[in-house]
Amino acid sequence: MIDYEEIGFKSGLEIHQQLDTKKLFCNCPSILRNDEPDFSVKRKLHAVAGESGEVDVAAKHEAGKNKEFIYEGYDTTCLVELDEEPPHEINQDALKIALQIAIFLNCKIFPISQIMRKTVIDGSNTSGFQRTVLIARDGWIVTKTGRVGIESICLEEDACRVVEKKKNSTIFRLDRLGIPLVEIATAPDIKNAEHVKEVALYLGNVLRSCKVKRGIGTIRQDINLSIRGGERIEIKGFQDPSMMVKTIEGEVERQLSLLQTGQRIKSEVRNALSNGETEFLRPMPGADRMYPETDLPLLKISRDLINEVKKNLPTLREDLEKELEKKGLNNEMIKLLFKYNKIDEFKELLEIHDEPNLVAKILLVFLREIASHKKKTFEEIGEILNKEVLIFVLEKLRDKKIAKEQIKNILEKIVDGEEMEKAISIKKHDGNIEEQILNLIKSKPGLSENAYMGLVMKELRGKINGNEAMEIIRKMGR
């Protein structure tokens with residue numbers, strides 16, 4: 001077992017999270033596409049001197065590969081992504097989300113900041129650099145294992161995504177390039193491998209309380225660590241926090257083995273592998289790769305903007321979970337609302353009809369069952385049965401124009417193409433309906449009116465509305 005204090009273990013986290021807004025320096029949508037690209041261009045990138053006047057060692061390493069890069073784009077990408085047009089001013093929605101995160105993490109916000117260019121010539125940016133701006137610094141969080149400082153919060157643009165790698169070339173897609181990323185860097189206050197995981201989960205909960213993207217690839221976590229007698233190593237490629245402990249333990253053992261055999265630990269960037277091991281990726285970059293962005297003005301963050309953000313802070317996830325529990329939702333429903341990013345929609349629908357379990361059931365159960373029955377994806381059904389449709393149906397329920405038991409049937413009709421007003425209308429029932437209700441009552445004597453109501457609506461779904469059904473039940477009971 002590793003004694004982390006004995007070996008002088010130091011570690012910090014860098015978390016990169018995509019924000020759910022348009023792109024950072026243009027007005028293009030932040031969507032990834034899988035259809036055939038509309039165009040492609042070829043480029044070669046060259047290393048340039050950074051702010052110090054020197055060419056960064058990592059940039060030299062990439063330049064030595066002499067690779068050709070192919071960039072594929074769509075009608076949802078523009079000349080900014082191709083580096084054929086200057087960047088637009090920073091996206092205000094993305095800036096506000098970054099400020100929310102800074103406030104949650106107790107950081108000091110910079111009133112004026114210089115947008116910088118960070119040299120990146122592995123092909124992942126068409127320009128040969130990534131734009132980044134320092135938003136806040138000197139924050140902190142408190143975990144069960146101890147206090148951890150937040151050194152910085154930056155706002156930057158995401159890179160292109162790799163489609164195919166070849167020996168002398170790489171094919172990239174431009175659809176991801178420019179999606180806003182918030183980068184959180186902690187101080188080297190993390191005490192051991194389990195603490196790394198604890199901090200990652202804590203920060204993840206803060207991020208998911210804000211308007212960020214969800215799913216694989218939307219969050220990336222890098223770990224910086226060192227032991228006594230060694231140099232700082234950066235490990236990239238963490239998607240799953242459950243692998244952090246195994247990977248850190250493996251890396252520590254690798255470094256201890258090097259020191260025991262008299263070898264030097266080189267400061268470098270390593271890649272996390274799926275088996276918990278790491279491999280060399282490139283030399284550790286330095287400050288030589290940063291230089292000012294000359295196409296954009298200084299970023300000024302006013303006190304009025306900060307106050308506006310403070311007034312509109314989202315509820316932290318742990319507080320929201322407690323709030324949902326008080327409303328009567330079970331843990332499974334709460335987890336699914338977060339998983340499918342339905343919290344905001346749930347809240348809006350609840351304002352129309354204040355019955356939390358029914359609203360959650362519509363969003364999470366009915367829509368999935370209908371998707372399965374109609375052989376469509378959950379996302380496709382969500383586009384048809386969007387918020388406006390669900391508000392319409394719940395308003396009719398609130399106004400007692402329909403019954404709960406009719407909702408799923410009405411939604412299925414709308415998916416089949418019926419107009420909403422027609423889908424909720426019930427044809428005038430005939431005498432046979434009354435006879436069926438009477439038979440149901442006779443078959444189960446002694447039940448309450450509400451119990452009979454449930455039986456009737458289940459049996460005669462779509463044939464009678466709730467008010468009419470209750471009227472007949474009461475008449476039969478007299």
Largest to smallest principal axis extent of the C-alpha atoms in the stretch 104-143, angstrom: 38, 27, 12
tail above 27 Å in the computed P(r) of the stretch 225-357, as % of all Cα-Cα pairs, reads 58 percent
Cα-only Debye scattering, the stretch 291-420: base-10 log of I(q)/I(0) at q = 0.15 Å⁻¹: -0.77
Give the peptides 292-302, 76-86, 12-22 in descending order of average Cβ contacts within 10 Å, highest first. 12-22, 76-86, 292-302
Amide H of Phe238: which non-local residues (sequence gap of 5 or more, or other chain) have their own amide H closer than 5 Å, using H built in the peptide plane? Gln221
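Ranked highest first by average number of other Cβ atoms within 10 Å, how do 147-159, 308-320 line up? Working shown, then result.
Numbers: 147-159: 21.1, 308-320: 13.4.
Averaged packing, sorted descending, gives the order 147-159, 308-320.
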On alpha carbon coordinates alone, what is the Rg over Rh value for the stretch 114-241, Rh being the Kirkwood radius? 0.98
With every atom except the alpha carbons ignored, what do you get for Rg and Dmax of the stretch 302-361, in angstroms? 13.8, 43
Mean projected area (nm²) of the alpha-carbon convex hull when the stretch 182-226 is viewed from all directions: 3.5 nm²
With a Förster radius of 41 Å, plug the Cβ-Cβ distance of Lys322 and Glu279 into 1/(1 + (r/R0)^6) and report the FRET value to the nearest 0.05. 0.45
For Lys347, the aspartates and glutamates lying under 15 Å Cα to Cα, once residues fewer than eight places off in the same chain are dropped, come out as Asp319, Glu321, Glu323, Glu325, Glu355, Glu388, Glu395
Going down the table (Lys236/Lys310; Lys165/Lys266; Lys191/Lys311; Lys211/Lys300; Lys108/Lys342), which pairs top 24 Å between alpha carbons? Lys236/Lys310; Lys165/Lys266; Lys191/Lys311; Lys108/Lys342
With unit charges on the beta carbons (Lys and Arg positive, Asp and Glu negative) and the dipole taken about the Cα centre of the chain, which residue among Gln260, Ile381, Gln239 sits farthest to the positive side? Ile381
Scattering profile of the stretch 364-450 from the Debye formula, Cα beads only, expressed as log10 I(q)/I(0) at q = 0.12, 0.17 Å⁻¹, is -0.48, -0.81
Just need the relative contact order of the chain here, percent rounded to a whole number, with Cα pairs under 8 Å and 6+ apart. 16 percent
Could you give the length gained on full extension between Asp295 and Asn341, defined as 0.36 nm per residue of separation minus the Cα-Cα distance, in nm? 12.9 nm
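Hey, what's the per residue convex hull volume over the C-alpha atoms of the chain, in cubic angstrom?
197 Å³
All of the numbers you see were taken from the coordinates with simple rules; none came from a lab. Not measured: the values here are computed from a predicted model. Reconstructed Cβ throughout: ideal geometry from the backbone, glycine too, with neighbour counts over all protein chains shown.
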